[in-house]
1. Which residues, counting only those in segment 35-81, are over 15 Å from PHE10 (Cβ atoms) and acidic (Asp, Glu)?
2. Out of the residues in segment 73-92 that are under 14 Å from ILE131 (Cα atoms) and of a type in the set (Gly, Ala, Ser), which is nearest to the chain's Cα centre (by Cα)?
3. Within segment 1-15, restricting attention to residues that are part of a strand (DSSP E or B) and of a type outside the set (A, V, I, L, M), which residue is nearest to GLU67 (Cα to Cα)?
4. Please state which of the following conditions VAL86 fails to meet, knowing it meets all the rest: (1) out of contact with any helix residue (DSSP H, G or I) (no Cβ under 7 Å at 6 or more places or on another chain); (2) free of Cβ contacts under 8 Å to residues at least 24 places away in the same chain.
5. Are any of the residues in segment 29-49 aliphatic (A, V, I, L, M) and over 30 Å from LYS96 (Cα atoms)?
6. Checking the condition under 30 Å from ALA125 (Cβ atoms), touching a residue at least 24 places away in the same chain (Cβ under 8 Å) and loosely packed, with under 13 Cβ neighbours inside 10 Å, which residue from LYS54, LYS96 passes?
7. Of everything in segment 16-47 that's in a helix (DSSP H, G or I) and hydrophobic (A, V, I, L, M, F, W, C), which residue is surrounded by the fewest Cβ atoms within 10 Å (Cβ to Cβ)?
8. Could you list, in sequence order, all residues of segment 76-135 that are touching a Ser or Thr at 6+ places or on another chain (Cβ under 9 Å), modelled with pLDDT under 90 and over 22 Å from LEU50 (Cα atoms)?
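The values are calculated or read from the model by the stated rules, or taken from the named source; none is laboratory data. Since we're looking at a predicted model, the values are computed, not measured. So basically every Cβ, Gly included, is an ideal-geometry build from the backbone, and we count neighbours across all protein chains shown.
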Amino acid sequence: MPRKRFDLTFPPRQATKAITYHLVKDFDLVPNILRAAIQPGQEGRMLLELTGRKEDFEAGIAFLEAEGITVSPAASDIRLDEETCVLCGLCTAVCKPHALELAFEEGVLHFDKDKCVYCEACVIACPRRAITLSF
């Protein structure tokens, strides 16, 4: 079954609703919460991986948006400043899901957003601060 990752932004009034329950029960989607920062009465964020059928994705996303939740593709908030990066490879050494791969001969650092889990290990490891994450 297809798997997709989404970055959800919750308005303060939605922070206490059982959103993932409805994705499972009403839309037959399997959620995997990779990261979340949600507090009652405050705007919240969640990195959510969903597994399910294409038509269930569409219905589930429509439900989330109807609830006032902003849904974006995952890893849209990760930035790599290619001019600052010196291809040292420290970020690839700490990236456990292997979302970063150094192609030294090409002079490029490849980033696979579908593997990223927003752990921020690469951000911390980068001595040049060429990688930034807003979550």
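1. Residues satisfying the conditions are GLU49, GLU55, ASP56, GLU58, ASP77, ASP81.
2. If we filter segment 73-92 for residues that are under 14 Å from ILE131 (Cα atoms), which is where we start, we get 75-92.
Right, trim to of a type in the set (Gly, Ala, Ser) and you get 75-76, 89.
Numbers: ALA75: 5, SER76: 7, GLY89: 22 Å.
The residue in question is ALA75.
3. Within segment 1-15, the subset part of a strand (DSSP E or B) is 3-10.
Those still in the list that are of a type outside the set (A, V, I, L, M) too: 3-7, 9-10.
Working: ARG3: 22, LYS4: 20, ARG5: 19, PHE6: 16, ASP7: 15, THR9: 11, PHE10: 9 Å.
So the residue we want is PHE10.
4. Just one mismatch for VAL86, condition (2).
5. Initially, segment 29-49 is screened for residues aliphatic (A, V, I, L, M), giving 29-30, 33-34, 36-38, 46-48.
Now narrow it down to the ones that are over 30 Å from LYS96 (Cα atoms): none.
The answer is no, given that none of the residues of segment 29-49 is aliphatic (A, V, I, L, M) and over 30 Å from LYS96 (Cα atoms).
6. Testing whether each residue is under 30 Å from ALA125 (Cβ atoms), touching a residue at least 24 places away in the same chain (Cβ under 8 Å) and loosely packed, with under 13 Cβ neighbours inside 10 Å leaves just LYS96.
7. Looking at the filtered set, the residue picked out is VAL24.
8. Within segment 76-135, ARG79, LEU80 meet the criteria.
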